[in-house]
Amino acid sequence: MAKKKIRFMCTAFRDGFQSVYGARVKTDDFLPAVAAAREAGIEWFEAGGGARFQALYFYSNEDAFDMMDRFRETAGPDADLQTLARGVNVVGLESQPSDVIKAHADLFAKHGITTIRNFDALNDVNNLIYSGQCIKDAGLKHQVVVSMMELPPGCSGAHDAAFYEETLRKILDADIPFDSVCFKDASGTSTPAKVHETIKRARKMLPEDVMLHFHTHETAGIGGLCYMSAIEAGADAIDLSMAPTSGGTCQTDVVTMWHILRGTDYTLDIDIEKIIDAEDVFRDCMKEYFLPPEATMVDPMIPFSPMPGGALTANTQMLRDNGLMDRYPEIIKAMSEVVRKGGFGTSVTPVSQFYFQQAFNNVMFGPWTKFAEGYGKMVLGYFGKTPVPPDPEVVKMASEQMELEPTDKTPLELNDADPSKGLAPARKRVEEEGFPLTEENIFIVATCKDKGVSYLKGEARENIRYKKDVEAKQAAKAPAASESGSGSGTVNVEVNGQTYTVKVDGGKAELNGKVFNIGSSGSAPSAEASAAPAGGVSEPVAAPMPGLIIRIAAAPGTAVQEGQTVLVMEAMKMEMEVKAHKAGTIAEVLVSSGDQVQQGQPLVNMSV
């Protein structure tokens, strides 16, 4: 009896990059590995989309469309190049209107893509209908997705085999056009028994000629076992990766899966020696990149706080960049409550980022005192219907804090009615900035906003984590407040040649004898600061936490009112407005867009 051939997509150059390097990889560095994989007989690649769209503009100072063109040239004309789309979010972290969703499919087809995997983190089928139709209308293959995870122990009401069967039934009833179906477990937490039962039910529901695909990660240590369970239940295809972006937070390695299938009725039908040679080339390509230790490890606690491999290292790297890595265990622990109360959206981008951001805020500012915009909008219904209703008290707090009412309108209805979203305002911005008026530039501005504009202006800064830079930074770093374990200490900050000594004690920072509250508001003065004489005095506005300056909102000489935004910074992929703590005039701006700043660092001086 002939063995059944199990097809596999090589995820090394998309999901692998996201799950190990935070998607921050230069195109020139990895294309030799794509060529080696092609020579080894691999002809199905994940080639972009997901975080590998925005990250090229945000961190690599590269064009994602150019990367896709070069990927196609290297992989060859017959390769199946697949990308990842987030339903109505497509390749952005926020949901998009209809014209951007259509442009996404059209442009990806133009730049050499043949298949798009399309998922909705909430499993809200309404978010897959129009996006799926656009993919098919562009002449692409549509792989529709049911997203999976394991709920924290003690939770029920969704994410079991019956829930996934119901979701697939809704997809079929909605007449969404598709070529294949993928069950995607980005956190790698679904149990092997649930995977087997889910795939078995799906196989009975689908025609025999429809490819059934399963995706997972090794983050919880059960990826290979889940793949075997899926195969035995009737899956036709799986996702595999190549070292050094395999195992740990990534997919199971091709070589490992080849070994698992030895002596069974299944085969990958590969030349294993050629695959091993290709992995040697890939390791050499990536030898200068910093490999986070957590990317290579199995975490047995992940099922309790389901953090996807593709988000785990991106977040730990941001914590490491900002000197907050010591808080990671607390944040992951806090994530369990955030998942339990948030309506059971699947922990996959963007929902996984919403979970992490809210857990981060709960740890840094106190439980539920500061809502992350994404998490708050999710529980209020702005991204679609969650699998189960969110905790009513959390919904109430989010509505009050964000001054936003819950909604039952679909994201498409909301976005199509929003004049600030879509291709028209993006086109206007492109024209105002004097950029070439191309479909690509309009789409970049529509999906990447200010960071896309910075890239097109030539002002984007490369932020790749090379091994030598990380090691040099670690060697040179002085003890910082955020690394002391107590949240207190002294930071010496040099700005424009002038050294400032900032004493940080929990939520307060002392600078030049004045004490400032650097907690959740990031701007309100303490009683000590309020008592200081104000007439004609220059006072700094300090950074509420480590982060990246993305926009200066008030230039020197600008008169500002108390509570007015003076600049915008980003921390953990969240935009944070830094506001004036009292009325005055901006005397000096001490930072520029693109600067990385530390907690308590003075950002502007005000004459008050």
| request: Would you check region 298-419 for Lys pairs whose C-alpha atoms are within less than 21 Å, ignoring same-chain pairs closer than 8 in sequence, and give me the count? | output: 13
| task | In nm, give the distance between the simple-model label positions of residue 431 and residue 205, each being 7 Å from the Cα along the Cα-to-Cβ direction. | result | 4.7
| field | Principal-axis tilt of helix 467-476 within the chain, Cα atoms, nearest 10 degrees | value | 30
| What order do you get for 392-404, 141-153 when each peptide is scored by the mean count of other beta carbon atoms within 10 Å, highest first? | 141-153, 392-404
| task | Compute the length gained on full extension between residue 169 and residue 391: take 0.36 nm times their separation in residues and subtract their Cα-Cα distance, giving the result in nm to one decimal. | result | 77.2 nm
| note | Listed by chain and number, the residues whose amide H is under 5 Å from that of residue 550, excluding neighbours fewer than 5 places away on the same chain and using placed H, are 568, 569, 570, 594
| note | In degrees rounded to 10, the 0-90 angle between helix 64-75 Cα long axis and the longest Cα principal axis of the chain is 30
| query | When we measure straight from the Cα of residue 4, which lysines land under 26 angstrom away, once same-chain ones fewer than 8 places off are left out? | reply | 141, 184, 194, 200, 204, 274
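Measure off, as a whole percent, the carbon and sulfur share of the 1.4 Å-probe accessible area of the chain, all protein chains present.
C and S fraction of accessible area: 50 percent.
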| remark: Simple SL model, points at 7 angstrom along Cα→Cβ for residue 277 and residue 461; separation in nm is 4.4
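Where only protein heavy atoms count, and the probe is 1.4 Å, what is the accessible area per residue for the chain in Å²?
So the chain comes to 38 Å² accessible per residue, rounded to a whole number.
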| said: With a cut-off of 8 Å between alpha carbons and a minimum separation of six or more residues, what is the relative contact order of the chain in percent? | reply: 14
| note | Under the 7 Å Cα-to-Cβ spin-label approximation, residue 333 and residue 5 lie apart by a distance in nanometres of 5.1
| request: Kindly state, to the nearest 0.05, the FRET efficiency for residue 416 paired with residue 69, given R0 = 30 Å and r defined as their beta-carbon distance. | output: 0.45
| request: With Rg and Dmax of the Cα atoms in Å in mind, check (1) 25.7, 81; (2) 24.4, 90; (3) 29.7, 104 and report the label derived from this structure. | output: (2)
| How about residue 468: which lysines have a C-alpha closer than 28 Å to its C-alpha, ignoring those fewer than 8 places off in the same chain? | 26, 287, 451, 477, 573
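The values are calculated or read from the model by the stated rules, or taken from the named source; none is laboratory data. Here the structure is a predicted model, which means the values were calculated and not measured. Here the Cβ is made from the backbone with ideal geometry for all residues, glycine too, and neighbour counts use every protein chain on show. For accessibility, only protein heavy atoms count, side chains too; no ligands or nucleic acids. Shrake-Rupley method; radii C 1.70, N 1.55, O 1.52, S 1.80 Å.
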